[in-house]
2 protein chains.
Amino acid sequence: MASQLIECVPNFSEGRRPSVIEALVEPFRRTEGCVLLDHRADPDHNRLVVSLVGQPGPIQEALLQAAQVAKEKIDLETHRGGHPRVGAVDVIPFIPLRNVTMAECVELAHAFGRRYYEETGIPVYFYEEAALRPERRRLEKVRQGQYEALKTLAATEERRPDVGQPKLHPSAGATVIGARKFLIAFNVNLGTDNLEVAQAVARCVRSSSGGLAHVKGIGLALEERGLVQVSMNLVDYEKNALYRVVELIRMEARRWGVEIVETEVYGMIPAAALLDSAAYYLQLAGFQTGQVVELALLEMMGGEG
Amino acid sequence: MASQLIECVPNFSEGRRPSVIEALVEPFRRTEGCVLLDHRADPDHNRLVVSLVGQPGPIQEALLQAAQVAKEKIDLETHRGGHPRVGAVDVIPFIPLRNVTMAECVELAHAFGRRYYEETGIPVYFYEEAALRPERRRLEKVRQGQYEALKTLAATEERRPDVGQPKLHPSAGATVIGARKFLIAFNVNLGTDNLEVAQAVARCVRSSSGGLAHVKGIGLALEERGLVQVSMNLVDYEKNALYRVVELIRMEARRWGVEIVETEVYGMIPAAALLDSAAYYLQLAGFQTGQVVELALLEMMGGEG
């Protein structure tokens, strides 16, 4: 039987202290069967995004070890950063990659969430495909008001955790665990320090205010750089292509006389998302991903999968 | 010891008869250790381009079998097509991929060329890194005047084959065998039927007339489609990026009021070449190929290589 392969992208609320970042990542480096593909700390967001690929068992073991580090080293009472968050370990999504269904990832999320609370005492919300209440499918709904508001709201029926007592952990907050499709974290930096421009552009591009159906986004200030950012999650890159997002933002920003300075893929991205954009701009006709040497080789080596 | 992996891209002078194309490709399908990544027949060029990846031994065996088919089925006396050629098997380049040096590919080309003549009676010219005379490094020099001129010129000291008698095979011509870097065959179709525009644009973009240093190109008519084409080989895609070639052609073609209709990658392309262009157009900053899930996985699976 072919082995199951999942992706997992835990987000931790620490993007500034190198020693803490290294301690968080260390369990993923060390655990066999869990491959650390990438990790990126952002000091503006004060957030660490880790990309893992591997088998479900080893990935869960490493996650529990990293969560103990986060619980010990991160205090939400003093944490500040440009990115919404409710916990020291903020989000843990499980993503099907090979020989795993979405339903199996949902089961995995639920079983892991129960064990996570038992071992850490940090309450858990389930989101996206793993949501137990329809309104919790959307991460931004679960995180509404962030840690500061959820501290009191967790006692209400509407906002109480799915696993654990109706209150947050006093320093580590809560963790949002789920199953979802591959998500691309994509940022577009604009050449102005006017936050309102980023917020206006974010409203144009995100689905919640009438933009592209599978884009979530907010406007942020990158104060250290004197720029603003449209910070996005592309939750279905096959339907909302990267190039379309970029060109829509370019068009909207020009209304304010503002140009795109640069863009950024945060963490991992499937090859198809970038090839699709290359094909658009280069006007490639009749192109197939099997023409890419490395993808053809991977297909050969992948064997029975 | 890690196994050697080469690419090989034999070009055959047949792009129209499906049964002959299938017979040419069949040895590559059948031979274990030789993986047929892609094959593309072009009726305008009347040419078949086959992309193989595998171990040097099996690839050579399959090549000899395909050459016997080509010798039997293709007659250069009656062959017509838009692409320069000197033989039924026109070109065979060996390209280092993994655990093989360029020097080893040159040795391989020389040994294979001698055996090829012994078994097929088709004389051989060596080109690029395998050239035995400096003026034969460039394929266009070896093919100058094509089959029709070389028939008589092969008797001269200047143009005589490197392996075999000083004359061409009476129906299969000659074969040009060599070793080289990865080459991208890239075509840009222009929205006009005026061949002079394609020729003028080709002169602007190719190195031989002052264009980009690692681009070879000619203007061709795509008569069936009422378009013209700048047909190119990008011989060092790391130095002459795809996007730069496209945008230079776009700029030059507009001088004639002509736009790019579409472009085409013919055969295989390394992922880096397309990712580089995606990064340019999307204005990606700080992007690393290790962020691409499939490339990171391939790296993991590649092991000791």
Provide a single number: the residues in the range A:24-59 that are open to solvent by 20 Å² or more (accessible area, probe 1.4 Å) and part of a loop (DSSP other than H, G, I, E, B).
-> 6
Among the residues listed as B:GLY164, B:GLY173, B:GLY178, B:GLY145, the single one being small (Gly, Ala, Ser) and either surrounded by fewer than 23 Cβ atoms within 10 Å (Cβ to Cβ) or free of Cβ contacts under 8 Å to residues at least 12 places away in the same chain (or both) | B:GLY145
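Collect the residues in the range A:87-98 that are open to solvent by less than 10 Å² (accessible area, probe 1.4 Å) and more than 17 Å from A:ASP42 (Cα to Cα), keeping them in residue-number order.
A:ILE92, A:PRO93, A:PHE94, A:ILE95
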Of all helices (runs of 4 or more DSSP H) completely enclosed by the range B:188-305, which ones contain at least 2 residues that are within 10 Å of another protein chain (Cβ to nearest Cβ)?
-> B:242-254, B:271-282, B:293-302
Test B:ALA70 against the criterion of being more than 30 Å from B:PRO18 (Cβ to Cβ) and either touching a strand residue (DSSP E or B) at 6+ places or on another chain (Cβ under 9 Å) or without any contact (Cβ under 8 Å) to a residue 40 or more places away in the chain (or both), and give yes or no.
-> no
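This table checks each residue for (1) closer than 16 Å to A:CYS204 by Cα; (2) surrounded by 20 or more Cβ atoms within 10 Å (Cβ to Cβ); (3) of a type in the set (Asp, Glu).
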site	(1), (2), (3)
A:LEU222	no, yes, no
A:ARG244	yes, no, no
A:ILE249	yes, yes, no
A:THR263	no, yes, no
A:PRO270	no, no, no
A:TYR280	no, no, no
A:GLY286	no, no, no
Scan the range B:1-23 for residues that are in a helix (DSSP H, G or I) and over 18 Å from the mean Cα position of the chain (by Cα) and report the count.
-> 5
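Only one residue in A:ASN240, A:ASN194, A:ASN189 is in contact with a Phe, Trp or Tyr (Cβ under 9 Å, 6 or more places away or on another chain) and among the polar types (S, T, N, Q), so which one is that?
Matching residue, one of A:ASN240, A:ASN194, A:ASN189: A:ASN194.
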Selected residue [on the phi > 0 side of the Ramachandran plot and touching a residue at least 40 places away in the same chain (Cβ under 8 Å)] from A:ASN11, A:ASN99, A:ASN46 = A:ASN99
List, please: which pairs have Cβ atoms under 6 Å, are six or more places apart or on different chains, and start with a residue in the range A:202-222 that is without any contact (Cβ under 8 Å) to a residue 12 or more places away in the chain and end with one that is not in a helix (DSSP H, G or I)?
-> A:SER207/A:ALA213; A:SER207/A:VAL215
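The values are calculated or read from the model by the stated rules, or taken from the named source; none is laboratory data. Just so you know, these numbers come straight off a predicted model, no measurement behind them. All Cβ positions, even for glycine, are placed from backbone atoms using ideal geometry, and neighbour counts span all protein chains on display. Surface areas here come from the heavy atoms of the whole protein model, side chains and all, with no ligands, DNA or RNA. Shrake-Rupley method; radii C 1.70, N 1.55, O 1.52, S 1.80 Å.
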